[in-house]
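The values are calculated or read from the model by the stated rules, or taken from the named source; none is laboratory data. Please read all numbers here as calculations on a predicted model, not as lab measurements. Neighbour counts run over all protein chains shown; Cβ positions are idealised from the backbone, glycine included.
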């Protein structure tokens, strides 16, 4: 099957699509011995594709991991400050997996990592509005009022976000509790900035759901592989099946 060359390079883990375009533009990529151009297509199964004279590696078996990310772990594959990374938690996964989006260091919960370049493109594209549900632990206050405040239209860093869906999960004796906040835009630090604007003090933030996937059943700091059926449901055309 013929596909855009940058898509093939991304799917094989050679580079992101943007980086692949740069490699192609610089004349680093050849197809059947001919220097490729940006926009060219190829057949990964039948064409000889090389980068700097080295054959493109065999397409790896797609693997997607659902990780229950702990607090204090950074969403990178390596860290110049020596902090623990999500890659350190994947003790028996030899493949190079990349995070799909990010959770900041102090946010816990559901994080996907994969070597499936097409899935990364699908889930991170702005047009793919997949629900992301967070449980926000609040130190004090009326939980019903907090839920109403977080559901109001807001402008975050100059961007008008779409109203979140909210619900009270737990009310603690003496005040405080947990509010569920569901968004699908996923802008950087969006839920924390929403709480800041609503003047709510966050003591814990967890992502508990991403589309059809839940963190339920995955122990803190552990992970599991997604089934092919689960991966299929992450694609827009299968989201409701």
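So that you can scan it fast, the table gives a plain yes or no per residue for (1) buried (at least 16 other Cβ atoms within 10 Å of the Cβ); (2) at pLDDT 95 or above; (3) more than 21 Å from residue 224 (Cα to Cα); (4) not assigned by TED's automatic domain parsing to the domain that holds residue 138:
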residue	(1), (2), (3), (4)
20	yes, no, yes, yes
37	no, no, yes, yes
51	yes, no, yes, yes
69	yes, yes, no, yes
77	no, no, no, yes
86	yes, no, no, yes
98	yes, no, no, yes
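I'd like the full set of residues that are buried (at least 19 other Cβ atoms within 10 Å of the Cβ) and either touching a residue at least 60 places away in the same chain (Cβ under 8 Å) or under 29 Å from residue 100 (Cα atoms) (or both), limited to the stretch 138-148. 138, 147, listed by residue number. Identify the residue in the stretch 227-241 that is in a loop (DSSP other than H, G, I, E, B) and within 15 Å of the chain's Cα centre (by Cα) and, among all such residues, is modelled with the lowest pLDDT. In this case the residue turns out to be 235.
Out of curiosity, is residue 71 in contact (Cβ under 8 Å) with a residue 24 or more places away in the chain, within 25 Å of residue 195 (Cα to Cα) and in a loop (DSSP other than H, G, I, E, B)? Criteria met by residue 71.
Looking across the stretch 83-121 at every residue that is assigned to a helix (DSSP H, G or I) and within 16 Å of residue 63 (Cβ to Cβ), the one that is nearest to the chain's Cα centre (by Cα) is identified as 120. For beta carbons closer than 7 Å, sequence separation of 6+ or different chains, a first residue in the stretch 217-229 that is in the same structural domain as residue 89 (by TED's automatic domain parsing) and a second that is part of a loop (DSSP other than H, G, I, E, B), the qualifying pairs are 220/70; 221/70; 223/90; 224/218; 225/63.
Just checking, does the stretch 199-208 include any residue being buried (at least 18 other Cβ atoms within 10 Å of the Cβ) and over 23 Å from residue 71 (Cβ atoms)? Checked against the condition, which is being buried (at least 18 other Cβ atoms within 10 Å of the Cβ) and over 23 Å from residue 71 (Cβ atoms), the stretch 199-208 yields no hits at all. Among the residues of the stretch 106-127, the ones that are surrounded by 16 or more Cβ atoms within 10 Å (Cβ to Cβ) and at pLDDT 90 or above come to 8 in all.
Give the stretch 8-19 a look and list any residue that's assigned to a helix (DSSP H, G or I) and over 20 Å from residue 101 (Cβ atoms), or say none. Correct list: 8, 9.
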